[in-house]
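Read through the structure below, which is laid out as structure tokens, and then see the notes.
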Amino acid sequence: MTEKDMENTPALEDSGGDELPPSNDHPFQYTLYSTRKDRLIWFLMAFTLAPVKLFLVGLFFGLAWIPSRIAVIGLPLLPDKPLSGWRIVLKDLTMFFVRLAGYSAGLLKQTVKGRQASAKEAPVIIMAPHSSSLDTLGPLAHSIIGFPGAVSSIENAHLPVIGAIFRASQCIFVERKDPNSRSKAAQQIKDRVESGGEWPQIIIFPEGFCSNGRYLLPFKVGPFLPGVSVQPMSVTFNNRLDVSSWIDTGPGLVAIWSLLLCTPISSMTVEWHPVYHPSEEEKKDPQLYARNVRKTMSRYLKLPTSDMTYSDLKDIVKQTKPDASLFALWKNIITKGFVEMPAKKHLY
């Protein structure tokens, strides 16, 4: 894609409404500034609807496990061919139950904008920014876009309930302890994207880890090594307060989910960007390809970029030793009315 093509890439329309401008000025800072009304609603929800929502989420994930487990019976952990026949029917049933789990969690407004390309036109989906467990857990967002496979840690394949769902979406699993695992995964990606649409699309998070979603972090080159066309996409959580971001420096998974469940209604938008067709130069240089896709997404989403890496995140965690517990989150909300993790003095 030429610089002129990048300049002509359409930008998102201004959403307007009551949304506030980003309050975070660092990709690894989690902030939550609540009002008395917010805290009152959370308190009432905690003792009324939140337990019901939690039960329904568990119920529908349990129901999703049944067809997903049957769909992968007799198949190797690393499949050598796509699902077909009755297995596809069970995969679709899994997707249905996962979608219901999303609704039960309070994601009652699930909107899709733009057009999803076919696997033949864009075999790789590039999803950024990566900010939430909801991007992958279940994975709720995947159920909206057809349950594409993902590149995931092999540990996820053995998780109770969730593991079978990951397998039904035909993920490519990476074994961290195996030095040859990444090269094997790269070859599997190459084989799938060169299948001419025979395999379903692969969704990849090129940043590799979560931030607060206010920046685009550096993209890893792995998704761009095959040199095929990719379709960027983004998932935006539209709540006034951040009840979804899952960062190593902020509240833990259980704490964030407690906020989500105590929020009456949440809104999520899946946005498809135009398909990015690489130039010959980009096909030969995956680092250039990755930089240009990130630059295009930055313009499309009107998000700034950051050069901070996972190593920077770990340094901040080591320095600040954040208390990610459920108790710490609600203690701050009740006693202070806000959460700021870590404090700004630790970030600069």
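For this structure, a couple of remarks:
- Considering region 300-346, and only residues there that are touching a residue at least 40 places away in the same chain (Cβ under 8 Å) and of a type in the set (F, W, Y), the residue that is most open to solvent (accessible area, probe 1.4 Å) turns out to be Y310.
- Conditions (1) more than 28 Å from T35 (Cβ to Cβ); (2) part of a helix (DSSP H, G or I): number failed by N332: (1)
- Residue within region 260-267 that is open to solvent by less than 20 Å² (accessible area, probe 1.4 Å), at pLDDT 95 or above and assigned to a loop (DSSP other than H, G, I, E, B) present: yes
- None of P67, P82, P76 is exposed (fewer than 14 other Cβ atoms within 10 Å of the Cβ) and over 21 Å from the mean Cα position of the chain (by Cα) except P76.
- Residue in region 224-241 that is open to solvent by 40 Å² or more (accessible area, probe 1.4 Å), assigned to a loop (DSSP other than H, G, I, E, B) and in contact with a Pro (Cβ under 6 Å, 6 or more places away or on another chain) present: yes
- Residue-level check: of (1) surrounded by fewer than 18 Cβ atoms within 10 Å (Cβ to Cβ); (2) in contact with a Gly (Cβ under 8 Å, 6 or more places away or on another chain); (3) closer than 29 Å to S306 by Cα, K120 misses just (3).
- At least 2 residues being at pLDDT 85 or above and touching a Pro at 6+ places or on another chain (Cβ under 8 Å) is the threshold, and among the strands (runs of 3 or more DSSP E) wholly inside region 127-223 those reaching it are 202-204.
- Count of region 26-64 residues, restricted to those that are open to solvent by less than 70 Å² (accessible area, probe 1.4 Å) and in contact with a Phe, Trp or Tyr (Cβ under 7 Å, 6 or more places away or on another chain), is 6.
The values are calculated or read from the model by the stated rules, or taken from the named source; none is laboratory data. Not measured: the values here are computed from a predicted model. Methodologically, a virtual Cβ is constructed for each residue, glycine included, from the backbone with ideal geometry; neighbour enumeration extends over all protein chains shown. To get the accessible areas, we keep the full protein, side chains included, count just its heavy atoms, and leave off ligands, DNA and RNA. Shrake-Rupley method; radii C 1.70, N 1.55, O 1.52, S 1.80 Å.
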